[in-house]
Amino acid sequence: LLERIAGLARTPQQVLRWRTELMNRAYVRADWQNCLREAERVLRLANRLEDQETALNAQSFIASVHLEMGDVDRAAIGFQDILERTRRMGNQKLIQTALYNLAYARDGQRRLGECLSLISEALELAEAIGDIPKQLGFLNQLTFYSKTALGRNEALQFAKRGLALHQHISGQEEERINNL
């Protein structure tokens, strides 16, 4: 049905919206070949329409599917390209996501040093923009990866930072409740 609706769409923007929906549904159903096909269509159309955000989303879908299919090297190439594009765009949140996705691919390649560096950079961005939930998430990831790559002492340092941040947040929440 969605395929027919996409075929009936009159404007390129409508086609893009329906093709994106087809891509999302294929990904949720783990229909990797169909997802790749739709993501390529979305990417071509988004590039033609100069819709950078949708193009990045489609490119991320393509890299994620390659990761799901076990082609870690190809996924890493895709995520590296996304990171370079987001850096040129300058959107801090997109850069954070791109850093984390590439870190995940580097983990799959067993390049844990690079994985840690990428997550550390993402943590610095989260700290710069004050995104506390992301900071906690990145500190948890750094704790997990550093146990393997760096050893227990470094992992403990990341865990302590995460705990201190969590206690700071809890203290702020308790203060707000008391002020009510």
Using the structure shown, decide if Leu142 is surrounded by 15 or more Cβ atoms within 10 Å (Cβ to Cβ) and without any contact (Cβ under 8 Å) to a residue 60 or more places away in the chain.
yes
In this structure, does Arg110 turn out to be outside any helix (DSSP H, G or I) and either open to solvent by less than 30 Å² (accessible area, probe 1.4 Å) or not β-branched (Val, Ile, Thr) (or both)?
yes
Could you run through segment 66-94 and say how many residues are closer than 13 Å to Gln52 by Cα, at pLDDT below 95 and of a type outside the set (Lys, Arg)?
4
Number of the condition not met by Cys115 [criteria: (1) within 23 Å of Glu53 (Cα to Cα); (2) buried (at least 17 other Cβ atoms within 10 Å of the Cβ); (3) hydrophobic (A, V, I, L, M, F, W, C)]:
(1)
When you go through (1) in contact with a Phe, Trp or Tyr (Cβ under 8 Å, 6 or more places away or on another chain); (2) open to solvent by 30 Å² or more (accessible area, probe 1.4 Å) one by one for Gln14, which number turns out not to apply?
(1)
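The values are calculated or read from the model by the stated rules, or taken from the named source; none is laboratory data. All values derive from a computational prediction rather than experimental measurement. Using ideal geometry, Cβ is built from the backbone for each residue, glycine included, and neighbour counts are taken over all protein chains shown. Side chains included, ligands, DNA and RNA excluded: accessible areas come from the protein's heavy atoms. Shrake-Rupley method; radii C 1.70, N 1.55, O 1.52, S 1.80 Å.
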